[in-house]
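Below you'll find the structure, written out as structure tokens, and then a few comments.
The values are calculated or read from the model by the stated rules, or taken from the named source; none is laboratory data. Since the structure is predicted, the reported quantities are computational estimates derived from the model, not experimental observations. Don't worry about glycine lacking a Cβ; one is built from the backbone with ideal geometry, like all the others, and counts go over all protein chains shown. These area figures cover heavy atoms from the full protein model, side chains too; ligands, DNA and RNA do not enter into them. Shrake-Rupley method; radii C 1.70, N 1.55, O 1.52, S 1.80 Å.
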Amino acid sequence: FNLPALEQQEKPVFIVEGEIDALSIVEAGGEAVALRGTAADKLLSELDKKHPAWPLLLSLDKDEAGRAAESKLMEALTARKIPFLQADIAGDYKDANEALTNNTAAFVQAVYMAQQSIIKEQEEAQEAERKAYMSSSAAGHMEGFKGLIASSIDTKPMLTGFSALDRCMDGGLYEGLYSIGGGTSTGKTTLALQ
């Protein structure tokens, strides 16, 4: 029930047992897919075709059958390398619908907090990935490079002994690599030796 929710990219998707539970989550501002019982074959078949944009939020019923189905689903998702979290949005109630009908405000808050925890986790992972990339990229070393340039401002040049050349080179030779170019027999070697 509601498999197209897996294709949206705006927010994480809850996985529940019944259609009414899925509708309860949608009413609370979330997205949900219902297994229509405890069999997850159709869901897993869809996930084999395309991984969801967000980790899945598993919130099956809090009875023996629901816990057993959630355990099997967790194994299947782990084998497929599909990220997921267990989300206890029902609180003291058996399932999402019972939680919605008995304490709407708490249920809406639980759905919101479960979504926000995934969003925050994703943002932190992206930030860590960005920092790792920046530490190895040229852009990540730019501040150090700028600092090196700034520290060399006070470095005095080495005079060449040719005042006209020193004037052209802003006072003389600075630390770094220089190349001398010119045609054959124009005095490159003589200049360098001097």
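Taking Lys62 as meeting all but one of (1) within 16 Å of Ala90 (Cβ to Cβ); (2) outside any loop (DSSP other than H, G, I, E, B); (3) basic (Lys, Arg), write down the number of the exception.
(2) is the only condition that Lys62 fails.
Could you check region 1-28 and list, in sequence order, the residues that are under 14 Å from Ala87 (Cβ atoms), assigned to a loop (DSSP other than H, G, I, E, B) and not acidic (Asp, Glu)? Show your work before the answer.
Here is the first cut: in region 1-28, the residues under 14 Å from Ala87 (Cβ atoms) are 11-17, 21-22, 24-25, 28.
Remaining after also requiring assigned to a loop (DSSP other than H, G, I, E, B): 11-12, 17, 28.
Within region 1-28, Lys11, Pro12, Ala28 meet the criteria.
Can you give me the ranges of the helices (runs of 4 or more DSSP H) entirely in region 67-170 with at least 2 residues that are over 19 Å from Ser24 (Cα atoms)?
104-136, 142-151, 163-168
Restricting attention to region 111-131, which residues are under 11 Å from the mean Cα position of the chain (by Cα) and of a type in the set (Gly, Ala, Ser)?
Across region 111-131, the qualifying residues are Ala125, Ala128.
Would you mind stating whether Gln115 is without any contact (Cβ under 8 Å) to a residue 12 or more places away in the chain and of a type outside the set (Phe, Trp, Tyr)? Even if it seems obvious, please write down each step before you answer.
Working: without any contact (Cβ under 8 Å) to a residue 12 or more places away in the chain: no; of a type outside the set (Phe, Trp, Tyr): yes.
Answer is no for this residue.
Output the residues belonging to region 17-33 that are more than 25 Å from Glu123 (Cα to Cα) and crowded, with 24+ Cβ neighbours inside 10 Å. Outline the logic, then answer.
Within region 17-33, the subset more than 25 Å from Glu123 (Cα to Cα) is 17-24, 27.
Listed by number, the residues that qualify are Glu17, Asp21, Ala22, Ser24.
Which numbered condition trips up Ala114, out of (1) farther than 30 Å from Gly91 by Cα; (2) surrounded by 10 or more Cβ atoms within 10 Å (Cβ to Cβ)?
So Ala114 meets the others, but not (1).
Could you check region 180-192 and list, in sequence order, the residues that are in a helix (DSSP H, G or I), farther than 17 Å from Asp166 by Cβ and under 57 Å from the mean Cα position of the chain (by Cα)? Don't jump to the end; show me each part of the working.
First, the residues of region 180-192 that are in a helix (DSSP H, G or I): 188-192.
Those left that are additionally farther than 17 Å from Asp166 by Cβ: 188-190.
Residues satisfying the conditions are Lys188, Thr189.
Checking the structure you have, find out if any residue of region 34-52 is basic (Lys, Arg), open to solvent by 60 Å² or more (accessible area, probe 1.4 Å) and part of a helix (DSSP H, G or I).
Narrowing region 34-52 to residues basic (Lys, Arg): 36, 42, 49-50.
Restricting the remaining residues to those that are open to solvent by 60 Å² or more (accessible area, probe 1.4 Å) gives 36, 42, 49-50.
With part of a helix (DSSP H, G or I) added as a condition, the list becomes 42, 49.
Yes, because at least one residue in region 34-52 is basic (Lys, Arg), open to solvent by 60 Å² or more (accessible area, probe 1.4 Å) and part of a helix (DSSP H, G or I).
Within region 141-152, does at least one residue satisfy the condition of being among the hydrophobic types (A, V, I, L, M, F, W, C), surrounded by 13 or more Cβ atoms within 10 Å (Cβ to Cβ) and over 24 Å from Lys11 (Cβ atoms)? Walk me through how you get there before you give the answer.
Quick first cut of region 141-152, residues among the hydrophobic types (A, V, I, L, M, F, W, C) only: 142, 145, 148-150.
Okay, now just the ones that are also surrounded by 13 or more Cβ atoms within 10 Å (Cβ to Cβ), so none.
No.
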